[in-house]
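What follows is calculated from the coordinates using simple rules that are stated; it is not laboratory data. Because the structure is predicted, anything quoted here is derived from the model rather than measured. In this analysis, Cβ positions are derived from the backbone assuming ideal geometry, glycine residues included, and neighbour counts consider all displayed protein chains.
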Amino acid sequence: MALRNILGKRFGVGLAGRRPLSTATCDVESGNAKAINLYSAINQALLIALETDPRAFVFGEDVSFGGVFRCTTGLADRFGKARVFNTPLCEQGIVGFGIGLAAMGNRAIAEIQFADYIYPAFDQIVNEASKFRYRSGNQFNCGGLTIRAPYGAVGHGGHYHSQSPEAFFCHVPGIKVVIPRSPRQAKGLLLSCIRDPNPVVFFEPKWLYRLAVEEVPEHDYMLPLSEAEVIRQGSDITLVGWGAQLSIMEQACIEAERDGIFCELIDLKTLIPWDKETVEASVRKTGRVLISHEAPVTGGFGAEISASIVERCFLRLEAPVARVCGLDTPFPLVFEPFYMPTKNKILDAIKATVNY
Amino acid sequence: MALSQLASSSPSRSVNLLKPLLSAISLHRPISTDTTPITVETSVPFTAHQCEAPSRTVQTNAQELLNFFRDMAVMRRMEIAADSLYKAKLIRGFCHLYDGQEAVAVGMEAALTKKDCIITSYRDHCTFVGRDGTLLEVFAELMGRQAGCSKGKGGSMHFYKKDSNFYGGHGIVGAQVPLGCGLAFAQKYCKDEAVTFALYGDGAANQGQLFEALNISALWNLPAILVCENNHYGMGTAEWRAAKSPAYYKRGDYAPGLKVDGMDALAVKQACAFAKEHALKNGPIILEMDTYRYHGHSMSDPGSTYRTRDEITGVRQERDPIERIRKLILLHDLATEKELKDIEKEVRKEVDDAIAQAKENPVPEPSKLFSDVYAKGLGVESFGADRKEVRATLA
């Protein structure tokens, strides 16, 4: 489903629908669908997860009343305080506790209130969660653990309510990192993450919680992990992104088309392990690639994609790999508009790459 | 002038004879600089853990009480003005207001010097003012302007003042406490007889790093005072739902603690003076300030979904810190009601002037986006998105 239809409110543009090629294999289309926003889609996924597995638990700071972004509304009332409960303010404790719960065969769905606060839990994720199966020779695992956190810019978040920390976690073998771009994707991906037998960190684009509205099927469905999706076909340049940034990239694609440049846009969806094949196939077609993310450019996940693509497609590349990302500064307060990888910056880079 | 001399020289404090005369003449008395000691009892006695509580009897004087009144009036007015500015979208981002908790800021300052360090969380506007921060610096920083204390780059949660040893202003809950203990270590090393007050809230009290910092401080006998500003709600979560033991002053276990009525500026002063003396000799001590915030957690929180309006008005009526000092001043006849109201009017004007000035102030230059990432002169370059046009040397 084209992103353009989802985000009318954010950009005030009436976007003509164009059905992209989707590699999703599940029957997303069947059944009733209702137009809902991102936090409602997440809410539905959590509800289904709790319903279908009696050993699923949802916990985190303030989740009981519905959470600061309403993702957990109604769950405590429906499933009781023994399965949906608040934790004290202690991220390291929350994740450590979640690992233990998962190690006993439960589905522990932990919420970190903002991705900016995930760092106290970093040790637990990197040293405990990701290595548990490996170091116990497969005797134990915490595959039932899913950590959800809102990430990304929101217009006024400043240093501690806007960060995109995905790159730190992409450096850790043993966990998966998944980022949805829209409500329909979020529900299917979250259910896949919860049911995946590996620990997963699921970042939700907070700017889209209310703004993104899409037709989402009401039934239980899952979308495959580690499968990227080509959401816009093109022949001149491949654009790779994830989460909220895709909508900005799509705007740039539309404008580039007016100048005769046809961009292929890929939603990575799962960052690790990422779908190298799909991206490679696209780059073999176009010969050019541009990666965009909100996180600072140096050491961002775009660097990994760039290095891998150059390794695989060196002789096919017509231009250097372009990265249009956040600047190498802490996420600023008043300077946010300058920091962000905006549509114009992407457009500029598309043109520079195509005309190289 | 003569009348005020008469008033202050009267030992019994009873100037009833002169009262009708005074009000009839309605002379404007200057703010009393009288330092004749007045003895007051704190509202409630202190509760101690692993130490002997200080006396309930506090020495103060007219000058101090009137300063308390004025300073708290400034803080209160400032926070309310910030509320309006936020609603008018002149302040954006996050804004955590301190009104109701002013007694902690002023009481603490009365017991400390500017050589002592204070470090706190994001609810830092009034603590900053207590450390001699100006109203212009406050409003300019809130509105993201150059004249702000952090040059407009920090915002509400990141106020700092180096020359008064105010170490800010921290967004991540509880992260400032280990920092505070580090400051205390440096102070002990330098032997400058100064201490560090590390403030945190009841929500942060459940962070593991607090206990790590406390253990280190106690092991090495650091002059660190951990102050829990217990306003009973961690965002929307009541303390009894987050903490197995909401007796925060006891949670140091091996470290002594004191529970203080945080709405009584004099009790706060007494406790802080006691704590400073203790910490310099015997290492860390925990102070739990029993206080209350009238506003919600931040401007996005109405503050009424997890507590009743009756509770809020109840505290306002029974325990408001400014009203307590006002009653004390009137009781001891240190100023008339009208004079106090005049002070409040003056304060209001001061705040309005500062806001007007801050509004005129420009936003930081765009090039400042790249400044102060690293120490100057490192020459690290940052590229803009397209790697060609935007190039800046990170300073």
Counting only residues that are within 11 Å of chain A (Cβ to nearest Cβ), over 24 Å from the mean Cα position of the chain (by Cα) and of a type in the set (Gly, Ala, Ser), the stretch B:208-241 contains a total of 1
Counting just the residues of the stretch A:95-124 that are under 24 Å from A:Gly152 (Cα atoms) and assigned to a loop (DSSP other than H, G, I, E, B), which one comes out farthest from the other protein chains (Cβ to nearest Cβ)? A:Ile112
Would you mind telling me which numbered condition in (1) farther than 24 Å from A:Val200 by Cβ; (2) within 21 Å of the chain's Cα centre (by Cα) A:Gly241 fails? (1)
Name the residue that is nearest to A:Arg258 (Cα to Cα), counting only residues in the stretch A:303-343 that are more than 8 Å from chain B (Cβ to nearest Cβ) and without any contact (Cβ under 8 Å) to a residue 12 or more places away in the chain. A:Pro337
All conditions in (1) loosely packed, with under 14 Cβ neighbours inside 10 Å; (2) out of contact with any helix residue (DSSP H, G or I) (no Cβ under 7 Å at 6 or more places or on another chain) are true of B:Glu337 except (2)
In the stretch B:362-377, how many residues are among the acidic types (Asp, Glu) and either at the interface with chain A (Cβ under 9 Å from one of its Cβ atoms) or under 30 Å from the mean Cα position of the chain (by Cα) (or both)? 1
Which residue out of B:Ala186, B:Ala103 is away from chain A (no Cβ under 14 Å), of a type in the set (Gly, Ala, Ser), outside any loop (DSSP other than H, G, I, E, B) and buried (at least 24 other Cβ atoms within 10 Å of the Cβ)? B:Ala103
Using the structure shown, decide if B:Ala205 is under 23 Å from B:Gln101 (Cα atoms), facing chain A (nearest Cβ under 10 Å) and outside any loop (DSSP other than H, G, I, E, B). yes
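Yes or no, residue by residue, for (1) of a type outside the set (Gly, Ala, Ser); (2) part of a strand (DSSP E or B); (3) in contact with an Asp or Glu (Cβ under 7 Å, 6 or more places away or on another chain):
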position: B:Lys259; (1), (2), (3): yes, yes, yes
position: B:Val268; (1), (2), (3): yes, no, no
position: B:Phe274; (1), (2), (3): yes, no, no
position: B:His278; (1), (2), (3): yes, no, no
position: B:Ile286; (1), (2), (3): yes, yes, no
position: B:Tyr292; (1), (2), (3): yes, no, no
position: B:His295; (1), (2), (3): yes, no, yes
position: B:Ser298; (1), (2), (3): no, no, no
position: B:Asp310; (1), (2), (3): yes, no, no
Looking at the stretch A:213-235, is at least one residue of a type outside the set (D, E, K, R), closer than 22 Å to A:Lys345 by Cβ and touching a Cys at 6+ places or on another chain (Cβ under 9 Å)? yes
Top-ranked residue in the stretch A:82-94 [being within 19 Å of B:Asn206 (Cβ to Cβ) and in a loop (DSSP other than H, G, I, E, B); ranked as farthest from the other protein chains (Cβ to nearest Cβ)]: A:Thr87
